[in-house]
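Visitor: To start, I am sharing the structure in question, which I have written as structure tokens.
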Amino acid sequence: MVSFSLSNTLIGYSDSDFAGCKLDRNSTSGTCHLLGSSLISWHSKKYACVALSIAEAEYIAVGSCCAQILWLKQQLADFGLQISKVPLMCDNTSAINLTKNQIQHSRTKHIEIRHHFIRDHVQNGKCEVKFVDTKLQLADIFIKPLPKERFFFLRNELGILHLNNLS
């Protein structure tokens, strides 16, 4: 087995656009995953139900990102690449605190149990949810319309080239 010496070889970004849909007020979550500096996976999904808070929407998005990270770790392990604790970047401190708190509070009792599996994976050290400044949140590009400058910045950070750049 080959083992990466860098802890940040695989990294995930997670974000949510709370109540972003103007028709039904549902939120949209977006995640992306980089192996080194290469984008290897991304996901964008509109929720089927209305989230009651920004923290809940972000927490659900973090859980979705964690599930993808676990799948990617297994795929890499099948190729003989072992990756330990994977950083998962989130720009919402309330959602980050929910992943670390093993106690069910009245403020979280409305969140479906299936979304709390991330707590186990954080506690077991499979992933670590970290804060990232909103300006550096790469998953933004997958969930909401952005100003031209911001879009180009995120596109470049993700290593996505414009077709005109290939000539």
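Visitor: Could you tell me whether any residue of the range 151-164 is out of contact with any strand residue (DSSP E or B) (no Cβ under 9 Å at 6 or more places or on another chain), modelled with pLDDT of 80 or more, closer than 22 Å to Ser27 by Cα and not in a helix (DSSP H, G or I)?
Guide: Looking for residues that are out of contact with any strand residue (DSSP E or B) (no Cβ under 9 Å at 6 or more places or on another chain), modelled with pLDDT of 80 or more, closer than 22 Å to Ser27 by Cα and not in a helix (DSSP H, G or I), one finds none in the range 151-164, hence no.
Visitor: Can you tell me which of (1) on the phi < 0 side of the Ramachandran plot; (2) at pLDDT 85 or above is the one Arg114 doesn't meet?
Guide: Failing condition for Arg114: (2).
Visitor: Could you check the range 122-145 and list, in sequence order, the residues that are over 14 Å from the mean Cα position of the chain (by Cα) and either under 14 Å from Ser16 (Cβ atoms) or surrounded by 13 or more Cβ atoms within 10 Å (Cβ to Cβ) (or both)?
Guide: Scanning the range 122-145 gives Lys126, Lys144.
Visitor: Examine the range 76-88 for a residue that is surrounded by fewer than 21 Cβ atoms within 10 Å (Cβ to Cβ), modelled with pLDDT of 85 or more, touching an Asp or Glu at 6+ places or on another chain (Cβ under 9 Å) and basic (Lys, Arg), and state whether such a residue exists.
Guide: Checked the range 76-88: at least one residue is surrounded by fewer than 21 Cβ atoms within 10 Å (Cβ to Cβ), modelled with pLDDT of 85 or more, touching an Asp or Glu at 6+ places or on another chain (Cβ under 9 Å) and basic (Lys, Arg).
Visitor: Filter the range 73-99 for residues that are in a loop (DSSP other than H, G, I, E, B) and either touching a residue at least 40 places away in the same chain (Cβ under 8 Å) or in contact with a helix residue (DSSP H, G or I) (Cβ under 8 Å, 6 or more places away or on another chain) (or both) and give the result.
Guide: Gly80, Ile83, Ser84, Lys85, Asp91, Asn92
Visitor: Let me ask you something else. Which residues, taken from the range 117-150, are part of a helix (DSSP H, G or I), at pLDDT 85 or above and in contact with a strand residue (DSSP E or B) (Cβ under 7 Å, 6 or more places away or on another chain)?
Guide: Scanning the range 117-150 gives Leu138, Ala139, Asp140, Phe142.
Visitor: For the range 28-64, name all the residues that are part of a loop (DSSP other than H, G, I, E, B) and at pLDDT 85 or above.
Guide: Within the range 28-64, Gly36, Ser37 qualify.
Visitor: Being at pLDDT 70 or above and within 19 Å of Lys126 (Cα to Cα) is the filter; apply it to the range 1-27 and report the residue that is farthest from the chain's Cα centre (by Cα).
Guide: Selected residue: Thr9.
The values are calculated or read from the model by the stated rules, or taken from the named source; none is laboratory data. Note that the structure is a prediction, hence the values are computed from the model and not measured. Here Cβ is always computed from backbone atoms with ideal geometry, including for glycine, and neighbour counts include all displayed protein chains.
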